[in-house]
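Shown next, in structure tokens, is the structure this report addresses.
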Amino acid sequence: MAKRDFYEVLGVARGADADELKKAYRRKAKELHPDRNSDNPDAEAQFKEVNEAYDALKDPERKAAYDRFGHAAFEGGMGGGRPGGARGGFGQQGDFASAFSDVFDDLFGDFMGGRGGAGGRQRAARGSDLRYNLQIPLEDAFTGSQKQIQVPTAVACGSCGGTGAEGGAEPVTCPTCSGMGKVRAQQGFFTVERVCPTCSGVGQIVKNPCNECGGAGRIEKNRSLSVNIPAGVETGTRIRLAGEGEAGLRGGPTGDLYIFIDVAEHDLFQRDGAHLYCSVPVSVTTAALGGDIEVPTIDGGRSRVKVPAGSQSGRQMRLRSKGMPALRGAGTGDMFIELSVETPVSLTSRQKELLREFEKIGEEANNPNSSNFFRKVRSFWDGMKG
Ligand SMILES: [Zn+2]
Ligand SMILES: [Zn+2]
């Protein structure tokens, strides 16, 4: 079967320029895309044909060769003297998987609102993702909050509408690379591809650069953004604000903004995941005799806790559901309090008198810790003698 003429396949006149070819290709590729043609058995073959045609014609060197020699330009073995240059054989080029990903990128670019240039070149002009470190107090991580932040970023230039051209004129195809964004150079035996020095890979240039932005289509600015911080965030939680990053170069898609949360250390509470820990001092008398104490909770309230008689320093008690909420409403942690028995200081003479009396009555009394310790000491000394 005779190969169809590439211009005929794309439905354009001979001598069509890069823009016309691109538009025709996109139209055909969408029309014939496998996703939309499950009931058309010929679509796949036609889709391949369209890709093959555009692949040849979008490249200025290959297009020139095709214009001169027709399909003969691409026939013959690998490498060696083909007018097409450093590319693989054409049969392999048109293989379905690669054709599919090519178009997918292209359509994707369309959906993203990108302007000018196909496939990879649009990506090159996408704005950068930005990172913003935001420190919040633990209380805010508990309740969730709304924060106003100032982000230094690049935004689309208002005076040229992001095009980079004075008065908003459309940019034109770069003459150096004919819109490819890349140039080829001979280096010894090899042909190497480089990013086009004239347009930095964008494939388009601006004739009359905008005064405001110097042709970049974007300017530096402090943006004020409102960030919704969900309850339960932790240090290291990232919040993505799609499309709030840097504006693209000359109208390219905008990058994303990532907020990195850092929850500040709290004076009272230490956090481990959804659990909170709090060290609470108790007096010797409360620890010995037992009693109620009041402890603070992260919601700003207080809880009464019963201290059992004879509590030692380091004793832990658990307050259920008084911890932090988990992200996305997956339950609530607990709060653990740890008792720290305080030795009384600055005693009055009356208090000293009472404590001495207490000591006299209760020498080594029935404190399990100390009697245990002294038993070990005695056996240690006995062992040394023997
Ligand atoms: Zn501008
Ligand atoms: Zn260029």
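The values are calculated or read from the model by the stated rules, or taken from the named source; none is laboratory data. Given the structure is predicted, the values throughout are model-derived calculations rather than measurements. No Cβ is skipped: glycine too gets one built from the backbone with ideal geometry, and neighbour counts run over all protein chains shown. These accessible areas exclude ligands, DNA and RNA; they are computed on the full protein's heavy atoms, side chains included. Shrake-Rupley method; radii C 1.70, N 1.55, O 1.52, S 1.80 Å.
State which residue pairs qualify: first residue in a helix (DSSP H, G or I) and inside the range 271-298, second residue of a type in the set (A, V, I, L, M) in any location, beta carbons under 7 Å apart, and separation of 6 or more residues or different chains.
Pairs found: VAL284/VAL341; THR286/ILE293; THR286/VAL307; ALA287/VAL307; ALA287/LEU339; ALA287/VAL341; ALA288/ALA309; LEU289/ALA309.
Within the range 166-176, restricting attention to residues that are within 12 Å of LYS207 (Cβ to Cβ) and assigned to a loop (DSSP other than H, G, I, E, B), which residue is most open to solvent (accessible area, probe 1.4 Å)? Spell out how you get there, then give the answer.
First, the residues of the range 166-176 that are within 12 Å of LYS207 (Cβ to Cβ): 166-167, 169-175.
Then drop every residue that is not assigned to a loop (DSSP other than H, G, I, E, B), which leaves 169-171, 174-175.
Details: ALA169: 52, GLU170: 122, PRO171: 26, CYS174: 1, PRO175: 97 Å².
So the residue we want is GLU170.
Please report, ordered by residue number, the helices (runs of 4 or more DSSP H) entirely within the range 1-74 with at least 2 residues that are at pLDDT 80 or above and under 23 Å from VAL183 (Cβ atoms).
On the way: elements: 6-10, 18-32, 43-57, 60-69.
Helices (runs of 4 or more DSSP H) meeting the threshold: 18-32, 43-57, 60-69.
Run down VAL295, VAL280 and say which single residue is under 30 Å from GLU359 (Cβ atoms), in contact with a strand residue (DSSP E or B) (Cβ under 9 Å, 6 or more places away or on another chain) and among the aliphatic types (A, V, I, L, M).
Within the list VAL295, VAL280, the selection yields VAL280.
Among the residues of the range 235-251, are any in contact with a helix residue (DSSP H, G or I) (Cβ under 6 Å, 6 or more places away or on another chain), of a type outside the set (D, E, K, R) and either surrounded by 15 or more Cβ atoms within 10 Å (Cβ to Cβ) or at pLDDT below 90 (or both)?
No, the conditions are met nowhere in the range 235-251.
Out of the residues in the range 197-211 meeting the condition of being under 31 Å from the mean Cα position of the chain (by Cα) and either of a type outside the set (A, V, I, L, M) or open to solvent by 70 Å² or more (accessible area, probe 1.4 Å) (or both), tell me which one is farthest from GLY164 (Cα to Cα).
Only one residue tops the list, namely PRO197.
Read through the list (1) within 16 Å of ligand 1 (Cβ to nearest atom); (2) assigned to a loop (DSSP other than H, G, I, E, B); (3) buried (at least 16 other Cβ atoms within 10 Å of the Cβ), then give the number of the only condition that GLY179 fails.
The number of the failed condition is (1).
Go through ALA154, ALA247, ALA216 for me and flag whichever is within 16 Å of ligand 1 (Cβ to nearest atom), under 31 Å from the mean Cα position of the chain (by Cα) and not in a loop (DSSP other than H, G, I, E, B).
ALA154
From (1) touching a strand residue (DSSP E or B) at 6+ places or on another chain (Cβ under 7 Å); (2) open to solvent by less than 50 Å² (accessible area, probe 1.4 Å); (3) more than 16 Å from ligand 2 (Cβ to nearest atom), pick out the condition that doesn't hold for THR163.
Evaluating THR163 over (1) touching a strand residue (DSSP E or B) at 6+ places or on another chain (Cβ under 7 Å); (2) open to solvent by less than 50 Å² (accessible area, probe 1.4 Å); (3) more than 16 Å from ligand 2 (Cβ to nearest atom) leaves (1) as the failure.
For the range 19-50, give me each residue that is crowded, with 20+ Cβ neighbours inside 10 Å and within 24 Å of ILE205 (Cα to Cα).
Scanning the range 19-50 gives LEU21, LYS22, ALA24, TYR25.
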